[in-house]
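Presented below is the structure to which this report refers.
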Amino acid sequence: MAAPLLAPVLLLLSAAGAEAPVAPPPAAEAPAAPAPGPVTAPATATPPVTPTPTPAGTPAGASPTSEEMQQDLEAKVIQLQHELDALQKQRAAWDDMRRTLDELGPRVDELARRAAEPPAQVRASPLRPPVLPPHALIRTDGTTVFLPEVRLQAGYTGTLVGEGPGQRAAPDASTFVLQHAELLFEGNMLRHRFEYRLLFDFVDPQFLKDAFLQWRHGNWIAVRVGQYKVPFGFQRYLRSTYYDFVDLSETMNAFSLERDVGVMILGRPLGGKLQYQLSVSNGAGAGKLNDNRDLAYTARVVAAPWGALPDSEGDLVGQPRPLLSIGAAGYYNLAPTDIVARTGNPQANTDVDDNGRVDNVAIWQGGVELRVHFRGAALQAELFRRLEHPGGGMGDRTFAGEYLQASYFILPHFLAVDARVERTDLPLYGATLAQRKASGDHIDGQTAGVSAFLRGHDLKIQADYTHLRNSDVVSPVGTFYSPDSHRLRATAQLMF
């Protein structure tokens with residue numbers, strides 16, 4: 001910047017040196033007068049003299065002195081120096097601004113990346129996020145006293161059942177169904193330290209589903225007391241509102257522990273990257289007192305190292321980066337023996353050790369789960385194992401089951417396709433002999449479905465087709481057959 005501005009100064013200085021007045025040389029002696037004679041004109045004309053420009057402020061007809069010219073040049077140099085200083089300051093300001101922008105660039109990129117990420121939708125409590133509908137009753141201190149919710153799910157189910165060798169098939173079915181008519185109440189008090197939930201289903205024979213009070217301290221720990229879902233199996237522990245298919249898998253149905261009454265400690269620390277549930281319950285089922293002096297113990301731990309996954313099966317959000325969770329669960333209970341129902345013999349011995357009490361069967365059950373969400377695609381798998389130890393010289397009974405399902409949003413946030421394969425044994429603990437014969441030993445199934453999310457899970461339409469094969473079903477006359485069944489279901493869900 002300085003070199004171009006100094007060029008005019010150097011030019012002015014050189015011009016000033018050229019225009020400075022020069023003292024005339026001393027006069028020479030006059031030559032002798034020429035001799036008289038004719039006058040001859042000079043051969044070459046004398047060139048005209050160009051007048052020297054007069055500096056400003058010099059009176060007309062007066063020649064500027066060298067001192068005046070120098071003062072004028074100094075004034076111009078000072079003016080140019082001021083302009084140069086101003087330009088240098090402007091350049092410094094631009095440099096500072098560029099440096100600031102360079103520093104802000106990575107921060108802006110990071111903020112843009114975070115803004116592009118969907119909310120993790122992690123809830124340490126059973127209650128919904130702080131963005132509440134207008135019908136919620138909220139106190140001035142921010143406490144949600146009362147938050148109702150209505151859920152309706154209705155549709156159609158049709159089933160075609162194949163015949164076994166020489167046997168009559170089970171009857172086909174074609175019917176409209178009302179699967180859920182739920183009314184949910186939940187809220188909190190004392191700045192979210194105490195929370196409650198009441199869930200009723202007017203269609204289910206078990207009218208009262210959830211009924212518990214919970215105290216929590218942040219996301220690290222909460223204590224729940226009342227009736228709740230036993231924390232075994234992701235698909236069963238998840239609320240059915242958020243399923244990919246119309247209903248549970250046959251595998252989860254076989255190993256589900258349903259609801260029970262007890263106390264549970266749970267939490268979602270580390271921003272939801274870890275979650276745990278530890279439950280001690282009656283082991284007798286919803287709304288029932290303990291059927292012996294032994295309690296049931298359940299534990300479930302899930303780790304999500306790349307960030308918490310949403311509480312739904314499919315990737316409705318469309319995660320911009322892969323999310324993975326892996327977990328394990330275990331269950332132990334001593335249940336009164338079911339030998340009478342299992343054998344169909346009312347005289348079966350229920351006190352093999354002769355201690356005056358009904359014998360117990362030790363039940364051990366374990367499971368592992370895997371989930372992945374990424375850009376509208378979701379993968380989910382669970383594996384279960386169960387051991388029943390009757391004691392009294394009777395052999396152990398073992399059962400296994402697993403399923404794998406995947407979904408993908410072919411139209412982001414709106415239309416998803418789903419597929420599931422599964423195989424499971426049927427423990428059917430406590431079922432009668434007739435029920436066990438009609439159900440068979442195990443089920444193989446394949447399911448394909450499609451879901452349209454008109455307004456997320458609040459308003460969606462689902463349809464799925466399932467092929468099931470029940471193996472070793474026993475007919476009333478005692479022969480075996482393996483009937484195939486084809487099931488078509490379609491439902492619409494509204495929640496508000």
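Counting only Cα atoms, the size of the range 197-347 along its three principal axes is 62, 34, 30 Å, in decreasing order.
In order along the range 238-254, the phi-based Karplus estimate (6.51 cos²θ - 1.76 cosθ + 1.60, θ = phi - 60°) of 3J(HN,Hα) comes to 6, 5, 5, 4, 10, 7, 6, 10, 4, 8, 4, 6, 5, 5, 5, 4, 6 Hz; Gly and Pro are listed as x.
Return the carbon/sulfur percentage of the accessible area of the range 414-496, one whole number, probe 1.4 Å, all protein chains in place. The computed percentage sits at 65.
Computed from phi, the 3J(HN,Hα) profile of the range 308-317 under the Karplus parametrisation 6.51, -1.76, 1.60 (θ = phi - 60°) reads 5, 8, x, 7, 7, 6, x, 8, 5, 5 Hz, with x in place of Gly and Pro.
Could you give the length gained on full extension between THR432 and ARG193, defined as 0.36 nm per residue of separation minus the Cα-Cα distance, in nm?
Between THR432 and ARG193, full extension yields 81.5 nm more.
Remark: the range 374-496 carries 48 Å² of accessible area per residue (probe radius 1.4 Å; ligands, DNA and RNA excluded). For the range 172-327, the fraction of 1.4 Å probe accessible surface lying on carbon and sulfur atoms is 65 percent. Amide H contacts of HIS442 (H built 1.01 Å from N, in plane; Pro and chain starts excluded): SER471 sit under 5 Å, all sequence-distant by 5 or more or on other chains.
The alpha-carbon positions of the range 306-374 define a convex hull whose volume is 129 Å³ per residue. Surface analysis of the range 194-342 yields an accessible area of 39 Å² per residue, using protein heavy atoms and a 1.4 Å probe.
What shape does the range 248-292 take by its C-alpha gyration tensor, where a ≥ b ≥ c are the square roots of the eigenvalues and a/c under 1.5 counts as rounded, a/b above b/c as prolate, and the rest as oblate?
On the way: a/c = 3.73, a/b = 1.37, b/c = 2.73.
Oblate, since a/c reaches 1.5 and b/c is not below a/b.
If R0 is 51 Å, what FRET efficiency do you get for VAL225 and LEU160 from their C-beta distance, rounded to 0.05? According to the calculation, E is roughly 0.65.
Partner aspartates and glutamates whose Cα lies under 20 Å from the Cα of LYS460, excluding those fewer than 8 positions away in the same chain, are identified as GLU149, GLU182, ASP201, ASP244, ASP247, ASP311, GLU313, ASP315, ASP418. Net length available on complete extension from ARG293 to LEU459 is 55.2 nm, with 0.36 nm assigned per residue and the Cα-Cα distance removed. Determine the sum of side-chain charges near GLU382: Lys and Arg each +1, Asp and Glu each -1, restricted to other residues whose C-beta is under 14 angstrom from that of GLU382. Net charge in that neighbourhood comes out at +1.
If I stretch the segment between ASP441 and ALA181 completely, what's the gain in nm (0.36 nm per residue apart, minus their alpha carbon distance), one decimal?
90.3 nm
In straight-distance terms, cross-link reach from LYS209 covers every one of the lysines whose alpha-carbon lies under 22 Å from its own, apart from those fewer than eight places away in the same chain; here that gives LYS229, LYS288.
Sorting 71-82, 308-319, 398-409 by average packing, meaning the other beta carbons within 10 Å per residue, from highest down gives 308-319, 398-409, 71-82. Summing +1 for each Lys or Arg and -1 for each Asp or Glu among the other residues whose beta-carbon sits under 13 angstrom from that of ASP444 gives -4. In this structure, the amide hydrogen of TRP306, modeled 1.01 Å from its nitrogen in the peptide plane, lies closer than 5 angstrom to those of LEU324, counting only residues at least 5 positions away or on a different chain.
Along the range 349-359 the Karplus relation, 6.51 cos²θ - 1.76 cosθ + 1.60 evaluated at θ = phi - 60°, assigns HN-Hα couplings of 6, 9, 9, 5, 8, 6, 9, x, 10, 5, 5 Hz to successive residues, with x for each Gly and Pro.
Remark on PHE212: its backbone amide H falls under 5 Å from those of ARG197, GLN227, a criterion applied only to residues 5 or more positions apart or on other chains, H modelled at 1.01 Å from N.
The values are calculated or read from the model by the stated rules, or taken from the named source; none is laboratory data. Note that the coordinates shown come from a computational prediction; the quantities given were computed from them, not determined experimentally. All Cβ positions, glycine included, derive from the backbone under ideal geometry; neighbour counts span all protein chains shown. Keep in mind that these areas ignore ligands, DNA and RNA; they rest on the heavy atoms of the full protein, side chains included. Shrake-Rupley method; radii C 1.70, N 1.55, O 1.52, S 1.80 Å.
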